[in-house]
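The values are calculated or read from the model by the stated rules, or taken from the named source; none is laboratory data. Not measured: the values here are computed from a predicted model. Cβ placement follows ideal geometry from the backbone for every residue including glycine, while neighbour counts extend to all protein chains displayed. For accessibility, only protein heavy atoms count, side chains too; no ligands or nucleic acids. Shrake-Rupley method; radii C 1.70, N 1.55, O 1.52, S 1.80 Å.
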Amino acid sequence: MVLKLYGFTTSICTLRVAVVLKEKNVSFEFIPVDILKSAHKAPEFTAYQPFGQVPYIDDDGLILYESRAICRYIAAKYASQGTPLLPSDPTAIALFEQAASIEASNYDPFVSGLAWELKFTKLFGGKTDEARVKSLQGQLSAKLDAYDVILGKQKYLAGNDITLADLFHLPYGAVILDIGLDKFSSRPNVARWWKDISSRASWKTVKGGIHQGNAIHYRVLQSAL
Amino acid sequence: MVKLYGFSGSTCTRLVALICKEKNIPYELTSVNLSKGEQKAASHTAIQPFGQVPYIDDDGFILYESRAIARYLSKKYPNQGTSLIPSDPKAEALFEQAASIETFNFSVIVGPIVGEKVFKPRRGLQPDEERVSELLASLQSKMDAYEVILSKQKYLAGDSVTIADLCHLPYGTAFYGLGGSFAEVFDSRPSLSRWWKDISSRPAWLAVKDGA
């Protein structure tokens with residue numbers, strides 16, 4: 001049975017999973033969840049995802065949520081097809097985990113905070129906290145200086161091969177650029193790396209949102225959801 | 001002998017020490033004094049470019065990011081001490097889900113609360129109480145979800161303890177130690193409370209909780 005991805009067409013975390021599905025040539029059925037109408041907080045949804053967040057997958061009965069966990073599962077299950085995204089030798093695996101943790105702790109908190117303050121809060125009726133924006137910008141700059149050092153020595157965050165850790169950066173990176181905060185161009189190695197990962201066909205296919213043309217089967221759920 | 005470069009009281013350093021204790025891995029701590037800013041020295045940032053602790057030197061192999069170190073050590077010694085990462089694909093997927101829950105639905109909120117209420121006062125700064133209130137409010141719905149999960153299974157990834165559970169301990173202990181409405185977040189939820197008591201009373205944690 002084809003893998004089902006429950007998510008929101010342009011949601012950061014839904015796109016994170018979609019880019020990996022594309023990179024691994026895995027067919028999927030997209031079931032849209034309208035988060036603007038709080039469908040993700042409805043009992044029919046939280047029965048599967050208790051935090052009321054998108055996305056989750058149903059892979060032949062296996063329910064899995066947390067986008068990075070879903071990505072790891074897909075990359076491991078389909079290791080032999082599409083682009084290799086997880087290394088297999090112990091040292092390379094450890095350096096991949098280091099890179100994945102860097103993304104989670106030294107990138108995501110700052111870019112997600114900025115994306116919230118400068119773009120998403122308004123969609124949910126909030127307003128921008130300018131002091132927080134200033135603080136987050138400063139912190140992100142310092143983090144990307146460290147990225148520039150790392151990427152001056154190797155092509156990707158975990159070494160010279162692309163891994164999931166690099167792809168995880170794409171959705172928020174695109175939003176940050178979209179809201180006019182270009183932290184990448186001024187850092188030559190980061191700029192090179194960003195250009196590389198953001199011009200991959202898998203990202204270009206999904207970055208505008210998941211829709212009929214880029215999922216195997218787009219099905220509007222005609223139910224209470 | 002694993003060389004652990006970190007600060008005895010640091011949350012992330014103690015996480016690595018905890019894993020070493022669980023896995024019976026001998027380690028030697030070399031102090032990087034955070035209160036003197038030693039983590040920002042050039043000799044440190046040459047190895048850890050973010051200027052953070054800890055990092056390890058395992059027979060010449062350098063690794064940083066405490067969760068990465070935890071995974072590396074657990075996989076290197078699968079049959080020694082407590083088993084902390086499953087290898088079966090489905091169990092592994094549920095472990096990754098739990099590990100992600102810890103990072104993005106717990107630590108992202110509890111970390112800043114501990115930063116405001118514990119670390120700032122140590123540096124002579126005032127906590128931002130408004131921010132703490134907002135963070136605490138957002139934590140409640142997360143802990144409701146934890147309660148649902150933990151009412152069905154013993155630990156966050158299933159019925160065996162994993163790194164995902166243990167990663168809650170350093171920040172969680174500092175948070176719980178604030179008492180009052182903070183401790184109440186755990187105490188008021190029976191399954192969460194049961195789980196918290198279980199993991200926080202593990203001998204390996206008790207051995208390092210006051211210093212790596």
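Taking the Cα centre of each part, how many Å lie between the stretch A:148-172 and the stretch B:9-70?
Comparing the Cα centres of the stretch A:148-172 and the stretch B:9-70, I get a distance of 22 Å.
Report the A-B buried area as the accessible area lost on both sides summed, probe 1.4 Å, in Å² to the nearest 100.
Working: alone 10720 and 10270 Å², together 18490 Å².
Approximately 2500 Å², summed over both chains.
For chain A, give the percent of accessible area contributed by carbon and sulfur heavy atoms, probe 1.4 Å, rounded to a whole number. Mind dumping the intermediate values first?
Numbers: 4990 of 9470 Å².
So the carbon and sulfur contribution to the accessible surface is 53 percent.
For B:LEU125 and B:GLN140, calculate 0.36 nm times their separation in residues minus their Cα-Cα distance, and state this gained length in nm to one decimal. Don't skip to the end; give the middle numbers.
Values: separation 15, 0.36 × 15 = 5.40 nm, distance 2.62 nm.
Between B:LEU125 and B:GLN140, full extension yields an extra 2.8 nm.
Mind running the shape call on the stretch B:115-212? Use the C-alpha gyration tensor, a ≥ b ≥ c as the square roots of the eigenvalues: rounded below 1.5 for a/c, prolate if a/b tops b/c, oblate otherwise.
Details: a/c = 2.45, a/b = 1.34, b/c = 1.83.
In terms of gyration-tensor shape, oblate.
Considering only DSSP beta bridges where both residues belong to chain A, give the percentage that are antiparallel (nearest 5). Mind showing how you got there, number by number?
On the way: 8 of 15 bridges.
If I count the DSSP bridges inside chain A, around 55 percent turn out antiparallel.
Could you list which residues have their amide H under 5 Å from that of A:ILE63, counting only those 5 or more apart in sequence or on another chain, with H placed in the peptide plane?
none
Divide, for the protein assembly as shown, the radius of gyration over alpha carbons by 2.2 N^0.38 Å, where N is the residue count. Don't skip to the end; give the middle numbers.
Details: Rg = 21.0 Å, N = 437, 2.2 N^0.38 = 22.2 Å.
In units of the globular-protein estimate, the protein assembly as shown measures up at 0.95.
Sum up the charges of everything whose Cβ sits under 9 Å from the Cβ of B:ILE85, counting Lys and Arg as +1 and Asp and Glu as -1, but leave B:ILE85 out.
Working: positive: B:ARG71, B:LYS75; negative: B:GLU92.
Local charge sum for B:ILE85: +1.
In whole Å, what three semi-axes, largest first, describe the equivalent ellipsoid of the stretch A:82-223 built from its Cα gyration tensor (square root of 5 times each eigenvalue)?
On the way: eigenvalues 132, 112, 36 Å².
In descending order, the three semi-axes are 26, 24, 13 Å.
Using the Karplus curve 6.51 cos²θ - 1.76 cosθ + 1.60 with θ = phi - 60°, what ³J(HN,Hα) values do you get for each residue of the stretch A:56-71, in whole Hz, with x for Gly and Pro?
Once θ is set to phi - 60°, the couplings for the stretch A:56-71 become 9, 10, 10, 9, 6, x, 7, 8, 9, 10, 6, 4, 5, 5, 4, 4 Hz.
Would you rank B:TYR146, B:TYR176 by solvent-accessible area, highest first, keeping every protein chain in place and using a 1.4 Å probe? Write down the numbers at each step before the final one.
Working: B:TYR146 0, B:TYR176 75 Å².
Largest accessible area first, the residues go B:TYR176, B:TYR146.
Suppose a student asked you for the relative contact order of chain B, using Cα pairs under 8 Å spaced at least 6 residues apart; what percent would you report? Let's see the in-between values first.
Working: 280 pairs, mean separation 51.1, N = 212.
Reported as a whole number, the value is 24 percent.
Can you list the residues in the stretch B:55-70 whose accessible area drops by at least 20 Å² when all protein chains are present, compared with the chain alone? Use a 1.4 Å probe, heavy atoms only.
With the partner chains in place, the stretch B:55-70 has these residues losing at least 20 Å²: B:PHE61, B:LEU63, B:TYR64, B:GLU65, B:ARG67, B:ALA68.
List every residue whose amide H lies under 5 Å from the amide H of A:TYR56, counting only residues 5 or more places away in sequence or on a different chain, with H placed 1.01 Å from N in the peptide plane.
Here A:TYR6 satisfy the definition.
Would you mind telling me the antiparallel percentage of the DSSP bridges in the protein assembly as shown, rounded to 5?
On the way: 16 of 28 bridges.
Given both bridge residues lie in the protein assembly as shown, the antiparallel proportion sits at roughly 55 percent.
Assuming 0.36 nm per residue, please report the length gained on full extension of the stretch A:THR91 to A:SER38 beyond their Cα-Cα distance. If you can, show how the numbers build up before the last one.
On the way: separation 53, 0.36 × 53 = 19.08 nm, distance 4.33 nm.
Value of the extension gain: 14.7 nm.
Sort B:SER201, B:SER191 from largest to smallest accessible area, using a 1.4 Å probe on the heavy atoms of the protein chains. Let's see the in-between values first.
Numbers: B:SER201 70, B:SER191 20 Å².
Result of the area sort, largest leading: B:SER201, B:SER191.
Based on the Cβ-Cβ distance of B:SER200 and A:ILE179, what FRET efficiency does E = 1/(1 + (r/R0)^6) give at R0 = 41 Å, to the nearest 0.05?
On the way: r = 41 Å, r/R0 = 1.00.
That gives a FRET efficiency of 0.50.
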